[in-house]
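**Q** So that we are looking at the same thing, I have put the structure below in structure tokens.
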Amino acid sequence: MALTMLNELLIEDPSPPLLLCQLSKTAQLDALNYQSCFMQGVFAHFPEILFIHRTYNPRGKVLYTFLVDGPRVQLEGHLARAVYFAIPAKEDAEGLAQMLQVFKKFNPAWERVCTILVDPHFLLLPTLAMEFPTAEVLLSAFHICKFFQGKFYQLSLEQPVERVLLTSLQSTMCSATAGNLRKLYTLLSTCIPPAQLPELHSHWLLNDRIWLAHRWRSRAESSHYFQGLEVTAHVLSQFFGTTPSVEKGMTALLQYLQQNSGDKASFSLGLSPLNNHPPSDGSPESPKVEQLVEARIQYSLNAICTGPAAQLCLGELAVVQKSMHLIGSGSEKVNIQILEDTHRVQPQTPASCSCYFNQAFRLPCRHILTMLSARRQVLQPDMLPAEWTAGCAASLGDIVGSKWSETLDKHLAVALLTEEVGQLLQHCSQEEFERRYSTLRELADSWIGPYEQVQL
């Protein structure tokens with residue numbers, strides 16, 4: 001009797017979805033797992049980042065909504081990114097484990113989940129880590145924003161102060177740079193009474209690992225992202241969160257989902273994943289594709305590297321994004337020029353470059369990242385030394401300090417200068433060559449002495 005409405009709804013669905021239910025002794029819906037064929041297809045294409053949102057109803061039952069996230073996801077429409085609905089029998093370690101195991105059984109792509117975004121009140125993190133052992137669990141920017149908003153209202157601050165904090169929060173979430181996050185942190189420390197400050201957990205603002213998963217979005221994209229999640233949370237709350245009956249709430253939600261199936265058209269437009277082949281000559285990439293490729297590189301850096309390594313490489317990528325670059329292909333090496341000195345990239349694994357950054361740290365430099373961007377590829381784990389891979393606990397200071405060598409520093413400085421001088425001499429006229437060569441000859445003689453012949 002409890003499932004009559006749900007069963008009638010499923011008959012109308014042309015593609016039979018996954019629906020697993022568990023009833024209580026009173027024939028009420030106790031647990032549920034739901035996924036349509038379309039939702040399963042969306043997750044199979046975009047499994048890298050999983051966003052979990054929880055909605056409570058008046059009976060205390062909780063609806064888990066899994067949504068795909070990340071730079072590759074270009075889906076429009078409310079709940080278009082939703083890929084799974086689940087209601088555990090109990091919100092404890094056992095109930096959550098059972099729910100996740102069902103999800104994994106029907107979604108083989110779960111093994112490709114790299115990051116899981118959750119809300120600050122999610123306490124069953126060990127269970128999540130046990131079921132997704134290779135995924136990193138982070139607080140989501142959206143849930144942190146909602147947490148701060150709720151705290152601002154609870155603290156009953158003066159109206160002007162509350163308005164300033166909410167405005168600053170909104171602005172920071174749409175441009176989550178380290179500087180803006182630090183400013184908001186300072187503002188909270190100034191405006192919130194010291195006794196109440198610990199309730200805000202403002203230290204989250206200084207955890208760069210959280211914001212790296214969000215920072216790739218532009219201001220406009222961030223605003224659109226937060227608005228979309230706000231609407232999604234409102235829809236879930238409207239249908240499930242305000243209805244004591246779990247059956248009626250889920251039936252209304254699934255009816256809404258079927259009536260708004262036009263979202264599938266948006267999905268089909270962005271479904272084709274980028275391949276690893278370079279674009280053919282003479283076919284310029286659109287700005288949107290370039291941004292998507294760079295966003296995928298950012299994500300691969302965050303997923304594969306340690307925090308310090310990602311921080312260094314993202315600095316190099318920022319230079320690439322703001323620069324013009326020229327790429328020439330050779331038989332074995334690729335010449336990369338980013339409006340600076342020319343450097344040579346060895347694309348074969350492990351990729352290497354002649355620049356100082358790569359030689360000193362053995363990390364993907366701006367030239368290697370430019371090559372990956374041009375070929376529409378992403379960073380692979382075998383491109384990094386072991387000490388830089390995710391899971392190695394080392395601070396940036398320790399690694400940079402251990403890698404610095406005065407001898408290497410001098411050698412690279414001389415090598416780069418020598419190469420630059422050689423390039424200038426090769427591409428000048430004969431008259432200019434004689435003049436520059438004479439200058440070098442005089443300089444060498446003045447350093448070492450005219451009695452010892454120095455070969456230039």
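The values are calculated or read from the model by the stated rules, or taken from the named source; none is laboratory data. Everything numeric in this text was worked out from a predicted model, so none of it was measured. Because the Cβ atoms are built from the backbone with ideal geometry, glycine has one as well, and the counts that use them run over all protein chains shown. For accessibility, only protein heavy atoms count, side chains too; no ligands or nucleic acids. Shrake-Rupley method; radii C 1.70, N 1.55, O 1.52, S 1.80 Å.
**Q** Looking at (1) open to solvent by less than 70 Å² (accessible area, probe 1.4 Å); (2) over 23 Å from residue 144 (Cβ atoms); (3) modelled with pLDDT under 90, which is the one condition that is false for residue 73?
**A** (2)
**Q** Here is a further query. Which members of region 366-379 meet the condition of being under 19 Å from the mean Cα position of the chain (by Cα) and on the phi < 0 side of the Ramachandran plot? I'd like the intermediate steps shown before the answer.
**A** From region 366-379, those under 19 Å from the mean Cα position of the chain (by Cα) are 366, 369-370, 372-373, 376-379; that's our starting set.
Across region 366-379, the qualifying residues are 366, 369, 370, 372, 373, 377, 378, 379.
**Q** Do the conditions hold for residue 168, that is, is it touching a Leu at 6+ places or on another chain (Cβ under 6 Å) and free of Cβ contacts under 8 Å to residues at least 40 places away in the same chain?
**A** Yes, satisfied.
**Q** Another question about this same structure. Quick test of your reading of the structure: residue 43 fulfils all but one of (1) in contact with a helix residue (DSSP H, G or I) (Cβ under 7 Å, 6 or more places away or on another chain); (2) in a helix (DSSP H, G or I); (3) over 25 Å from residue 239 (Cα atoms); (4) open to solvent by less than 10 Å² (accessible area, probe 1.4 Å). Name the failing condition by number.
**A** (3)
**Q** Could you grab the pairs with beta carbons closer than 7 Å, sequence gap of 6+ or different chains, first residue in region 29-53 and at positive phi and in contact (Cβ under 8 Å) with a residue 60 or more places away in the chain, second one surrounded by fewer than 20 Cβ atoms within 10 Å (Cβ to Cβ) and in a strand (DSSP E or B)?
**A** That search, which allows pairs on different chains as well, returns nothing.
**Q** Now a separate question. Mind counting the residues in region 43-74 that are under 20 Å from residue 253 (Cβ atoms), of a type in the set (Val, Ile, Thr) and within 18 Å of the chain's Cα centre (by Cα)?
**A** Final tally of qualifying residues: 2.
**Q** Any chance you could count how many residues in region 147-196 are among the small types (Gly, Ala, Ser) and open to solvent by 70 Å² or more (accessible area, probe 1.4 Å)?
**A** Residues that pass the stated criteria total 2.
**Q** I'd like to check something: does region 100-113 contain any residue that is within 30 Å of residue 35 (Cβ to Cβ), open to solvent by 40 Å² or more (accessible area, probe 1.4 Å) and among the β-branched types (Val, Ile, Thr)? Reasoning before the result, please.
**A** Our first condition is that a residue be within 30 Å of residue 35 (Cβ to Cβ); within region 100-113, this holds for 100-113.
Right, trim to open to solvent by 40 Å² or more (accessible area, probe 1.4 Å) and you get 101, 105-106, 108, 110-112.
Restricting the remaining residues to those that are among the β-branched types (Val, Ile, Thr) gives none.
For region 100-113, residues within 30 Å of residue 35 (Cβ to Cβ), open to solvent by 40 Å² or more (accessible area, probe 1.4 Å) and among the β-branched types (Val, Ile, Thr): absent.
**Q** Another question, then. What do you reckon, is residue 425 at pLDDT 65 or above, open to solvent by 50 Å² or more (accessible area, probe 1.4 Å), not assigned by the TED database to the domain that holds residue 360 and not basic (Lys, Arg)?
**A** Details: at pLDDT 65 or above: yes; open to solvent by 50 Å² or more (accessible area, probe 1.4 Å): no; not assigned by the TED database to the domain that holds residue 360: yes; not basic (Lys, Arg): yes.
Answer is no for this residue.
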